[in-house]
1. Starting from the Cα of Gln113, move 7 Å in the Cα-to-Cβ direction to define the label point; list residues of the range 64-81 whose amide nitrogen is under 20 Å from there.
2. Roughly how many whole Å is it from the C-alpha centroid of the range 118-138 to that of the range 64-89?
3. Check which residues have an amide H placed less than 5 Å from Val188's amide H, if you skip close sequence neighbours.
4. Got a sec? Charge dipole of the range 4-185, +1 on Cβ for Lys and Arg, -1 for Asp and Glu; which of Leu178, Gly53, Ser95 is way out at the positive end?
5. How far apart, in nm, are the 7 Å Cα→Cβ label points at Asp177 and Ala100?
6. Say the dipole of the range 4-185 comes from +1 at the beta carbon of Lys and Arg and -1 at that of Asp and Glu; which of Ala154, Val6, Ile128 then lies farthest toward its positive end?
7. Let's see if you can work this out: charge +1 on each Lys and Arg Cβ, -1 on each Asp and Glu Cβ, no other charges. What is the dipole magnitude of the chain about its Cα centre, in debye to the nearest 20?
8. Roughly how many whole Å is it from the C-alpha centroid of the range 142-172 to that of the range 214-263?
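Every number in this text was worked out from the coordinates using simple rules, so none of it is lab data. From a predicted model like this one, the values you see are computed outputs, not experimental measurements. Because the Cβ atoms are built from the backbone with ideal geometry, glycine has one as well, and the counts that use them run over all protein chains shown.
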Amino acid sequence: GSGKSVTAKSLMKLNPSNAIYGEQTKITLHLEDGPVDIMSLKSSNELRVVRGGAISMIFQEPMASFAPAISIGDQMVEQLQIHSDMTTKQASELSIEMLARVGISDAGTRFKQFAFELSGGMRQRAMIAMALSTRPKLLIADEPTTALDVTIQAQVIDLMKDLVKDFNMGIIFITHDLGVIAQTADKVAVMYLGRLVEQGPVREVIRNPGHPYTQGLIAALPQLDDLDKPLVPIPGDIPSPLERPAGCVFHTRCPAAIQGRCSSDIPQFSQAGEGHQVACHLLDPANNDQGTETT
């Protein structure tokens, strides 16, 4: 509910047509042929430069993403022919090659099957193969391991890490699992109620979290070296996105909220280290002598 998926879909203009963007919203995709202003793209033909072309996306539930009455292969071939001048034979051969590359055994047979005939892990691999078949510059993976068991989850994560290197592309990995973040990402951005509250190198953010929300997330994790230690949940309830608090969006749950400041002023990013930014008034030296609010 923090807005991770909505933010990612904005990069491809996949949000509903009634979605409202700020007047100053600007999304620029830098390609070899020059920059592309994504917000200015209107027609389907224009958006193909982004959707499935320069950017591909793996959605949370592959079963809902694949068309149930069309074979996996036919869907992959259709996508390739939309974004290239391949013949059906060429697109079919490349699709089978991609299915094999992501670790699907007997790829030729799977190519002819439907999504409901594949296991959860295999559907996820097929979705990855489809997303990468057009050789995107950026892959967006939206909670790609949420519905998978731990063993399959680890296999999918390892596969994606290898493919990122092989295809020389960037990846935005959307997840609420800090363990997955630690395994996969170089940089992390933490969101709360539609706003970025902290961003920086993964190791730096996890070891030295600067925002009270990030600190709360890490404190709530079970410690394997001290299983008797009780979990410490973040106090309070998440406000409705339709009634987002003024000032810092986390101030209603923050144990260190500054009286008269956090409830009224939106915090700007401050440097907490090299490449490490935190949107919190606590990092402002002028606030050191001020008291905290009771929320």
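1. In the range 64-81, the label zone of Gln113 (backbone N under 20 Å from the point 7 Å along Cα→Cβ) covers 64-78.
2. Computed from Cα coordinates, the inter-centre distance equals 12 Å.
3. Amide H neighbours of Val188: Gly200, Val202.
4. Gly53
5. 2.9 nm
6. Toward the positive end, the furthest listed residue is Val6.
7. The dipole magnitude comes to about 500 debye.
8. The range 142-172 and the range 214-263 have Cα centres separated by 29 Å.
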